[in-house]
Amino acid sequence: MERLMRRRLGDLAFWAGLVLLAAAVVQGLGARLDWPMVGRWGRWWWPLVLGGLVLVLLSLLPLWRDPRATLGARTVRYGLNTFVAVLLVLGVITVVEALSFRHNARLDLTENRRHSLAPQTIQVLKGLRSKVNAIAFYRSDQPGKRVVEDLFKQYVRYAGDNFTWRVVDPDAEPMLARGYGVEAYGVTVLETKGRTDKVQDAEQEEKLTNALVKITREGKRVIYVVQGHGEGDPAGSEDTGFSAGKAALEAVSYEVKPLVLARAGKIPDDASVVIEAGPRSDLFAPEVAALDAYLGRGGKLLVMLDPSLRPGQQEPEALKRFLGTYGIEPGNNVVIEMNPLRQMASGAADLVIVDAFESHPITRDLKIVALFPGTRTMALAAKLPTGVTGQRLAMTSRESFGETDLAALRRGEVKPDPADPRGPLPVAVVATKDKARIVAYGTSLLAANRYFAQPGNRDLFLNTVSWLAEQEDLISIRPKDSRGAPIFLSAQQKSTVFWLPVVIVPAVALVGGVVALVRRRSAK
């Protein structure tokens, strides 16, 4: 009786041990494959393995008394086979985990490489000079937790030991959360050299990378936006305002300030870049002199000069003459796109698609199109002034031309004349003299709120400011926004999009069905 009891207890311990080992196998696979329920048991893996091995070893103690008889039992043989199989699976998981930790690769087959880090992010990570620690406060069942963990793993791949991270459940460690001032779920804290920054929803790569740039930059570069001549408001949220561009600059640690140059009389000494965006009237002579003095001491200037299309609007001749001293020649025209496919894509003949960029640090990684709405040509003089070097940045298509009859254009009459310049036409140029840098666009709407969401516009504008501010390491394609890019449709295209799928296709299907029914009944 006693022997039978020991045998039953041994069998029970053996099978209980196998169950624990099997649970360890399932947990390992769950953690590897990101199973939401099983993957949480990570801290129980070693207790399961050790407990299972101990129980199996205890169940084998009777073998030492009568090994031959015990091993001859069918249940023991089956159990040992199962035990060996479980050990093999555990060994395979261990080897795979070790190999995947040291040698791993990702293959992103999406059209725009949505699941890969943007070039700017990789550039920032490789350029880290100090260690950055990230602490993400997510509940264990929060959907964004797995996304941010995957993002952190990709960051470590390029930053190495300079980027460390962990994910903390604020409910499990409330003291840590309060210590960092975290009062909500989904907050990530970045810290380095005694500085900290908090990011909400860090599973968005753009937010995390911008915070990384902000926390690793010493001080802020100041961007001044000239006001007083009808320019767009840098804080304005309307279509012609520049609040989106201002927010994008501030996200990477720039400080954006308005500058009424007529009142200030000079460019402040802390100006890293000055932006003159779409003046509707000409600058006064003292303002032009202030810009000239600023560039004379190595200043950086971005000019976005719209064509004069409004009734009664005059050309900013003083500003154009000033640009001419650096070999920049704004055209008195509006670029019209004649290619019907490009017109269809953009929705208007004067909404020019630019996909041809000259080789320059501003455009070196720019492989997506930009929209230049209502742009004039922005060319370089055939012979540049002494000491000035210039280069074209963006060109229109061969089918475009520059409409010089602005009065006819205001009446809606568009026709290429022999005097009109033909494409490809430059719409953005750069000029340098000593340490001074100037970039000129033929339109300010490129950076206005209505068109800033276009990825090419956004990247071109931010790259331009980064180059002017001498922060070339920030020049790249920005992280992809998870939201879709807007599609611009003309009234005719909108009508087609509605009538074709909503009215015409259902009507054809209905008529076809009626005809088929009538024929079937006639055949009977």
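Provide the per residue accessible area, probe 1.4 Å, for the stretch 236-302, rounded to a whole number of square angstrom. Walk me through the intermediate numbers first.
Values: 2790 Å² over 67 residues.
The answer is 42 Å² per residue.
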Quiz prompt | Selection from 261, 332, 368, by position along the positive dipole direction of the stretch 251-378 (Cβ) | solution = 261
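At 0.36 nm per residue, and after removing the present C-alpha to C-alpha distance, how many nm does the segment from residue 293 to residue 309 gain when stretched out fully?
Answer, rounded to one decimal: 2.7 nm.
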Exercise. Quickly rank 220-228, 282-290 as a protection proxy: mean count of other C-beta atoms within 10 Å, highest first.
Key: 220-228, 282-290
Exercise. When a/c is below 1.5 the answer is rounded, else prolate if a/b is larger than b/c, else oblate, so apply that to the stretch 334-388 with a ≥ b ≥ c taken from the square roots of the Cα gyration tensor eigenvalues.
Key: oblate
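Is the shape of the stretch 113-158 rounded, prolate or oblate, going by the alpha carbon gyration tensor and its root eigenvalues a ≥ b ≥ c, with a/c under 1.5 for rounded and a/b larger than b/c for prolate?
Details: a/c = 3.45, a/b = 1.48, b/c = 2.34.
Oblate, because a/c is 1.5 or more while a/b does not exceed b/c.
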Quiz item: Counting only protein chains, not ligands or nucleic acids, how are 470, 403 ordered by accessible area (probe 1.4 Å), most first?
Solution: 470, 403
Exercise. Scan the stretch 295-326 for trypsin sites (Lys or Arg not before Pro) in coil per DSSP, keeping those whose Cβ has at most 11 other Cβ atoms within 10 Å, and list them by number.
Key: 297
Quiz item: Can you run phi through the Karplus equation (6.51, -1.76, 1.60; θ = phi - 60°) for the stretch 361-368 and list ³J(HN,Hα) in whole Hz, with x for Gly and Pro?
Solution: x, 5, 10, 4, 10, 8, 10, 10
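What is the magnitude of the charge dipole of the stretch 154-213 about its Cα centre, with +1 placed on the Cβ of each Lys and Arg, -1 on the Cβ of each Asp and Glu, and no other charges, expressed in debye to the nearest 20?
Around 280 debye, computed over the stretch 154-213.
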Self-check item: Accessible-area ranking of 165, 467, 15, largest first, probe 1.4 Å
Solution: 15, 165, 467
Quiz prompt | residue 255 accessible area, assembled protein chains, probe 1.4 Å, Å² | solution = 70 Å²
Exercise. Would you mind calculating the gained length between residue 150 and residue 358 on full extension (0.36 nm times residue separation, minus the Cα-Cα distance), in nm to one decimal?
Key: 71.3 nm
Quiz item: Using a ≥ b ≥ c from the Cα gyration tensor of the stretch 350-461 (square roots of the eigenvalues), is it rounded, prolate or oblate, where a/c under 1.5 gives rounded and otherwise the larger of a/b and b/c decides, a/b for prolate?
Solution: oblate
Self-check item: Accessible area in the full protein assembly, largest first, 1.4 Å probe, for 167, 273, 147
Solution: 147, 167, 273
Self-check item: Under 5 Å, built H, 5+ apart or other chain: amide partners of residue 259
Solution: 225, 226, 227
Practice problem: Starting at the first residue of the stretch 118-125, write each ³J(HN,Hα) from the Karplus equation 6.51 cos²θ - 1.76 cosθ + 1.60 with θ = phi - 60°, in whole Hz, x for Gly and Pro. | Solution: 6, x, 5, 4, 4, 4, 5, 5
Quiz prompt | At most 10 other Cβ within 10 Å, DSSP loop - trypsin sites (Lys or Arg not before Pro), the stretch 373-471 | solution = 383, 411
Quiz prompt | Dipole in debye (nearest 20) - the stretch 197-254, about Cα centre, beta carbon charges: Lys, Arg +1; Asp, Glu -1 | solution = 360 debye
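The values are calculated or read from the model by the stated rules, or taken from the named source; none is laboratory data. The model shown is predicted, which means the values in this text are computed figures rather than measured ones. Because the Cβ atoms are built from the backbone with ideal geometry, glycine has one as well, and the counts that use them run over all protein chains shown. Only protein heavy atoms, including side chains, enter the accessible area calculation; ligands, DNA and RNA are left aside. Shrake-Rupley method; radii C 1.70, N 1.55, O 1.52, S 1.80 Å.
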